[in-house]
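As structure tokens, the structure follows; a few thoughts come after it.
The values are calculated or read from the model by the stated rules, or taken from the named source; none is laboratory data. None of the values given here were measured: they were computed from a predicted structure. When we count neighbours, we look across all protein chains shown, and the Cβ atoms used for this are built from the backbone with ideal geometry, even at glycine.
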Amino acid sequence: MPSETFDIVILGAGSGGYACALRAAQLGLTVALVEKDKLGGTCLHRGCIPTKAMLHSAEVADAARGGAAYGVNSSLESIDLAGVHRYKDGVVGRLYKGLQGLVKSATAITFVEGEGRLSSPTTVTVGDRELVGKHIVLASGSYARTLPGVQIGGRVMTSDEALTLEDVPARTIVLGGGVIGVEFASVLRSFGSEVTIVEALDRLVAAEEPAVSKQLERAFRKRKITTKLGARVASVSQSDDTVTLTLESGDTLEAELLLVAVGRGPRTEGLGYEEAGLTLDRGFVTTDERLRTGVGTVRAVGDIVPGPQLAHRGFAHGIFVAEDIAGLDPTPIDDTLIPKVTYCDPEIASVGLSEEQARAKHGDAVTTYEFNLGGNGKSQILGTAGFVKLVRSGPDGPVVGVHMVGARMGEQIGEAQLIVSWEALPEEVAALIHAHPTQNEALGEAHLALAGKPLHAHA
Ligand code: NAD
């Protein structure tokens, strides 16, 4: 078998893999980037980008439907799902083309199409090609999980299949009230489906602040999205026309579509990882903070490494590993400083520690402040409810967590992450002038209040 040698061989060309390849090439390293499907991976083709495009279509639908509240005589005639897909696929297509151009123009990168397998700690085999690397970076990503006894097919889908839905189902059951669950519930409700979310825990988006979950649940109630919390599935069956979900309580739910959104599993099976000496923990690749696997030549990045499964974490991991291999001594990625945005309506955005995590770390001295969007002019113009919650480590300490909910609040995550990552004091942020009238002002006002000088709020 002919073998080719590179500085780095990367298995998987999603966010983590291609970011690593591009950065390594900039640093003068040669790279083989192996992909069995499409450059760009889940984020570009089945995740972040297409789903957010659908959420934008949903927002347009809601605007058309709700025009009268703003003195605009509009109504929603219908949803043309084929048109939604054309728009969404157009966005994905343009980004895909741009990314292909970037990778092509990086002459140090050899893009290898095909299914790769780690055949030794220094080799990835793709068909009859043997790619030998001084370093191997595993970036094989994740897949949509299902539950035992819940077979994907027909009317039972994961987010993968739901991206090409041909008709808006009259009724939808969303199994799992995490990030994917609430985003799809939001889209399908805006498109006119009657949506019920079934969640095993006692709140939606359980990784967020409890107050954020409450606000989302309230907003979803207003949107007539039904939520069944603390509900566990006993069985699922389907006929030609409907799918029936039976809960452990004995209650049954019937719908035209069941969307399973119970988490994503690491794609590590059958790729030769364990045979090459790697340790797997429930399928995830365990690493140290420099993303080393314990097998000297092999690193892992992105969704296969335990932690938040987010594209921007993958990018950061990929860049980190390329720089570390090149000897730049970059700072390891801190998962608690990774910003999170959930794009349902209303949006959720957070960074840093929750109040509970802050109390566990900093004790009872932790203080918090919640600024209600009722006092924010732009949010009132948009007609949205929500809040900005700040978590401070102590009376003289920095802000260690920012938690936001409300329409479009995802766009506020940029300043929030600078505040938390740069360990800003409320007084420092309060001294910065926030433009009026913006939703960004809500962040400024929250810090003014925490610094003891509230403007459009009580202390
Ligand atoms: P998740 O972990 O966010 O949520 C899964 C939910 O399913 C949890 O609330 C869990 O309690 C529930 N669940 C599990 N088993 C259940 C059962 N038997 N019955 C009822 N409920 C059950 O996972 P997800 O929503 O599938 O998302 C997967 C990953 O993709 C997440 O890590 C997420 O961060 C990422 N993602 C991020 C974004 C974004 O950043 N906007 C968007 C989509 C996905």
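Candidates Ser74, Ser140: the one that is of a type in the set (S, T, N, Q) and surrounded by fewer than 17 Cβ atoms within 10 Å (Cβ to Cβ) is Ser74.
Only a single item in (1) within 11 Å of the ligand (Cβ to nearest atom); (2) surrounded by fewer than 20 Cβ atoms within 10 Å (Cβ to Cβ); (3) among the basic types (Lys, Arg) is not met by Arg264, and it is number (2).
Might you let me know whether the stretch 296-313 holds any residue that is more than 29 Å from Thr5 (Cβ to Cβ) and among the acidic types (Asp, Glu)? No; the residues of the stretch 296-313 include none that is more than 29 Å from Thr5 (Cβ to Cβ) and among the acidic types (Asp, Glu). In the set Lys88, Lys104, Lys97, only one residue is at pLDDT 95 or above and within 16 Å of the ligand (Cβ to nearest atom); that residue is Lys88. In the stretch 42-67, the residues that are of a type in the set (Ser, Thr, Tyr) reach residues that are assigned to a loop (DSSP other than H, G, I, E, B) and at pLDDT 95 or above with C-beta atoms within less than 9 angstrom, at least six apart or across chains, in these pairs: Thr42/Gly14; Thr42/Gly141; Thr51/Leu163; Thr51/Tyr343; Ser57/Ile79; Ser57/Phe191.
Scanning the stretch 145-198 for residues that are within 16 Å of the ligand (Cβ to nearest atom) and at positive phi yields a count of 2. Screening Leu245 on (1) over 28 Å from Ser15 (Cβ atoms); (2) away from the ligand (no atom under 13 Å from the Cβ); (3) of a type in the set (A, V, I, L, M, F, W, C); (4) crowded, with 22+ Cβ neighbours inside 10 Å shows it passes everything except condition (2). Here is the figure for the stretch 406-440: residues that are assigned to a helix (DSSP H, G or I) and either within 19 Å of Ala451 (Cα to Cα) or touching a Cys at 6+ places or on another chain (Cβ under 8 Å) (or both) total 13. For the criterion of being under 23 Å from Phe191 (Cβ atoms) and either modelled with pLDDT of 95 or more or in contact with a strand residue (DSSP E or B) (Cβ under 9 Å, 6 or more places away or on another chain) (or both), Lys52 passes. Residues in the stretch 309-317: is at least one touching a strand residue (DSSP E or B) at 6+ places or on another chain (Cβ under 6 Å), more than 16 Å from the ligand (Cβ to nearest atom) and either assigned to a loop (DSSP other than H, G, I, E, B) or of a type in the set (Val, Ile, Thr) (or both)? There is no residue in the stretch 309-317 that is touching a strand residue (DSSP E or B) at 6+ places or on another chain (Cβ under 6 Å), more than 16 Å from the ligand (Cβ to nearest atom) and either assigned to a loop (DSSP other than H, G, I, E, B) or of a type in the set (Val, Ile, Thr) (or both).
Would you point out which residue out of Glu77, Glu115 is touching a residue at least 40 places away in the same chain (Cβ under 8 Å), among the acidic types (Asp, Glu) and at negative phi? Answer to the selection: Glu115.
Scanning the stretch 441-459 for residues that are in a loop (DSSP other than H, G, I, E, B) and touching a residue at least 40 places away in the same chain (Cβ under 8 Å) yields His456, Ala457.
Look at Lys97 and say whether it is over 21 Å from Ala316 (Cβ atoms), touching a helix residue (DSSP H, G or I) at 6+ places or on another chain (Cβ under 8 Å), among the charged types (D, E, K, R) and surrounded by fewer than 20 Cβ atoms within 10 Å (Cβ to Cβ). Before you say what the answer is, go through the steps one by one.
Details: over 21 Å from Ala316 (Cβ atoms): yes; touching a helix residue (DSSP H, G or I) at 6+ places or on another chain (Cβ under 8 Å): no; among the charged types (D, E, K, R): yes; surrounded by fewer than 20 Cβ atoms within 10 Å (Cβ to Cβ): yes.
No, not satisfied.
Regarding Ala276, is this residue closer than 19 Å to Thr196 by Cβ and small (Gly, Ala, Ser)? Answer is no for this residue. Restricting the first member to the stretch 310-324 and to residues that are under 23 Å from Ser350 (Cα atoms) and charged (D, E, K, R), and the second to residues that are modelled with pLDDT of 95 or more and within 16 Å of the ligand (Cβ to nearest atom), the beta-carbon pairs closer than 6 Å and six or more apart or on different chains are Arg313/Ile338. For the stretch 405-459, the set of residues classified as in contact with a Lys or Arg (Cβ under 9 Å, 6 or more places away or on another chain), more than 19 Å from Val391 (Cβ to Cβ) and of a type in the set (Val, Ile, Thr) consists of Thr438 only. For the criterion of being touching a strand residue (DSSP E or B) at 6+ places or on another chain (Cβ under 9 Å) and not in a helix (DSSP H, G or I), Leu204 passes.
For the stretch 14-25, the criterion of being modelled with pLDDT of 95 or more, under 21 Å from Arg313 (Cβ atoms) and in a strand (DSSP E or B) is met by none of the residues.
Let's see how each residue does on (1) of a type outside the set (A, V, I, L, M, F, W, C); (2) within 19 Å of Leu22 (Cβ to Cβ):
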site: Glu274; (1), (2): yes, no
site: Leu280; (1), (2): no, no
site: Arg290; (1), (2): yes, no
site: Val298; (1), (2): no, no
site: Gly307; (1), (2): yes, no
site: Ile319; (1), (2): no, yes
site: Val341; (1), (2): no, no
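Inspection of the stretch 40-48 finds a residue satisfying the criterion of being modelled with pLDDT of 95 or more, within 16 Å of the ligand (Cβ to nearest atom), within 23 Å of Phe191 (Cα to Cα) and not in a helix (DSSP H, G or I).
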